[in-house]
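Starting off with a structure, shown below.
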Amino acid sequence: MNTDRDHDLLAVVSQSGPTVTFFDAVTHERLDVLDVPAEPHELCFDPDRRLLYSTTTYVSGYYHAHQGRARLIGVIDVDTRKVVGTIDIGPDHAPHGLALDRERGRLYVSVEATATEPGGVVVLDAGTHERVGRIPVMADGPHWFAISPDGRRGWSTNKEAPFVSVVDLERGEFAGRVPVPGSEGLDVSPDGRYVYVAAPKGDFGSPPAAPAGIRVIEAATGEVVRVLPTGGVVFPVHTTATGAVLAGELRMADAPGGALGAQRDGVLTVFSPDTFEVVGQVPVGRFPLTITSSPDGATGYVSNVMSGTVTVVDLREMRVVTTLEVEHAGEAGAHGLAYVPAAG
């Protein structure tokens, strides 16, 4: 007899919950809500060990408005749906972006600068959770991090620095800068040819520093070869298994650069992987912050932090399937997402 554990899952962070909620990816039923340390941000699923990692970034608050930096990564067994441990990344702090290299068994964690080190990427052994290295990114506030499909290169977006950092993961060293105005989310195309970066950063209270859009970086040369224009500032960027580029656009209730909390419902914009033309737009909730998709690229998931919801989107028909409610308190709701295929 089938049970919910035979189905794929969607895991969702509630930043101010602070919780991780599991939904059945087939029926969209809410299954379990796990309490986790304060201010969880991003998620990363390890399918080989059936573990889910959750970064705890701040003691309370969010980037540029917090009451201290935390340094924990929660470890969750997705089959029992229980917290089974924590990883302390001290002396580093403010872990945010996560990326997994399955072939080499490495978990990468972006961290903010300390009093003695620039921001960087902490390297953990995925099997033992031991620290095996740290790579500087030469910027104070690295945020999102992504790696190439072959695990040899990594890219870090930096909110305050006018560049995207490139790191050589084989040598464990900083490898260069790609000029990009202060940036938000990023992802890498499935073939590793392009890195897609959302820029400029979301500056609430002042107009954007540059026209909003997705900077397309050619991975081999480190050159920005194109800008995909958007109608609003973009935070999350995601590429599906089919290569489609998904961008979560903010919409403001007042002028561009309006105050945090003045967002209207946002828009998911989908670009073709071949022509980079817009192939569809779908309404989502307030302040889309993270995007993921199903392994076949047919379904997209957009977390909306100000709404405390996840918008489920049929990417073939470009329509909203349903909206998932995520319990939260305060001003920050749904954040990190992870799609978890059923065991076996």
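In the range 50-84, what residues are at pLDDT 95 or above and at positive phi?
Answer for the range 50-84, where residues must be at pLDDT 95 or above and at positive phi: ARG50, ARG81.
Does VAL320 satisfy the condition of being of a type in the set (A, V, I, L, M) and open to solvent by less than 10 Å² (accessible area, probe 1.4 Å)?
So VAL320 does not fit the description; no.
Please go through the range 100-131 and give me each residue that is of a type in the set (A, V, I, L, M) and open to solvent by 50 Å² or more (accessible area, probe 1.4 Å), ordered by number.
Residue satisfying the conditions is ALA115 alone.
Right, here's the next one. Being out of contact with any Phe, Trp or Tyr (no Cβ under 8 Å at 6 or more places or on another chain) and either open to solvent by 80 Å² or more (accessible area, probe 1.4 Å) or more than 23 Å from PRO40 (Cβ to Cβ) (or both) is the filter here; which residues of the range 132-149 pass it?
Selection gives VAL132, GLY133, ASP140, SER148, PRO149.
Is at least one residue of the range 79-99 in a loop (DSSP other than H, G, I, E, B), basic (Lys, Arg) and open to solvent by 30 Å² or more (accessible area, probe 1.4 Å)?
No.
Yes/no matrix, rows are residues, columns are (1) modelled with pLDDT of 90 or more; (2) under 19 Å from the mean Cα position of the chain (by Cα); (3) on the phi < 0 side of the Ramachandran plot:
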site: ALA209; (1), (2), (3): no, no, yes
site: ILE217; (1), (2), (3): yes, yes, yes
site: VAL225; (1), (2), (3): yes, no, yes
site: ALA241; (1), (2), (3): yes, yes, yes
site: VAL245; (1), (2), (3): yes, yes, yes
site: MET252; (1), (2), (3): no, no, yes
site: GLY258; (1), (2), (3): no, no, yes
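For the range 158-188, name all the residues that are closer than 16 Å to VAL111 by Cβ and of a type in the set (Asp, Glu).
GLU160
Right, next: Take VAL197 and decide whether it is within 17 Å of the chain's Cα centre (by Cα), closer than 23 Å to VAL245 by Cα, in contact (Cβ under 8 Å) with a residue 40 or more places away in the chain and open to solvent by less than 40 Å² (accessible area, probe 1.4 Å).
Spelling it out, VAL197 is indeed within 17 Å of the chain's Cα centre (by Cα), closer than 23 Å to VAL245 by Cα, in contact (Cβ under 8 Å) with a residue 40 or more places away in the chain and open to solvent by less than 40 Å² (accessible area, probe 1.4 Å).
Next question, about the same structure. Just the residues that are over 18 Å from the mean Cα position of the chain (by Cα), free of Cβ contacts under 8 Å to residues at least 60 places away in the same chain and assigned to a loop (DSSP other than H, G, I, E, B), please, taken from the range 15-35.
VAL26, THR27, GLU29
For every residue, the table says whether it meets (1) of a type outside the set (Ser, Thr, Tyr); (2) out of contact with any strand residue (DSSP E or B) (no Cβ under 6 Å at 6 or more places or on another chain); (3) more than 21 Å from THR221 (Cβ to Cβ).
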{"position": "VAL111", "(1), (2), (3)": "yes, no, yes"}
{"position": "ALA115", "(1), (2), (3)": "yes, yes, yes"}
{"position": "ASP125", "(1), (2), (3)": "yes, no, yes"}
{"position": "GLY133", "(1), (2), (3)": "yes, no, yes"}
{"position": "ASP140", "(1), (2), (3)": "yes, yes, yes"}
{"position": "TRP144", "(1), (2), (3)": "yes, no, yes"}
{"position": "PRO149", "(1), (2), (3)": "yes, yes, no"}
{"position": "ARG153", "(1), (2), (3)": "yes, yes, no"}
{"position": "SER156", "(1), (2), (3)": "no, no, no"}
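On to the next question. Which members of the range 167-188 meet the condition of being outside any strand (DSSP E or B) and under 17 Å from VAL234 (Cβ atoms)?
Once the filter is applied, which keeps residues that are outside any strand (DSSP E or B) and under 17 Å from VAL234 (Cβ atoms), the range 167-188 yields VAL180, PRO181, GLY182, SER183, GLU184, GLY185.
From the list ALA343, ALA298, pick out the single residue that is at pLDDT below 95, touching a Lys or Arg at 6+ places or on another chain (Cβ under 7 Å) and open to solvent by less than 70 Å² (accessible area, probe 1.4 Å).
After applying the criteria, what remains is ALA343.
The values are calculated or read from the model by the stated rules, or taken from the named source; none is laboratory data. Small disclaimer: the values here were computed from a predicted structure and weren't measured. Methodologically, a virtual Cβ is constructed for each residue, glycine included, from the backbone with ideal geometry; neighbour enumeration extends over all protein chains shown. Just the protein is used for accessible areas: all its heavy atoms, side chains included, with ligands, DNA and RNA removed. Shrake-Rupley method; radii C 1.70, N 1.55, O 1.52, S 1.80 Å.
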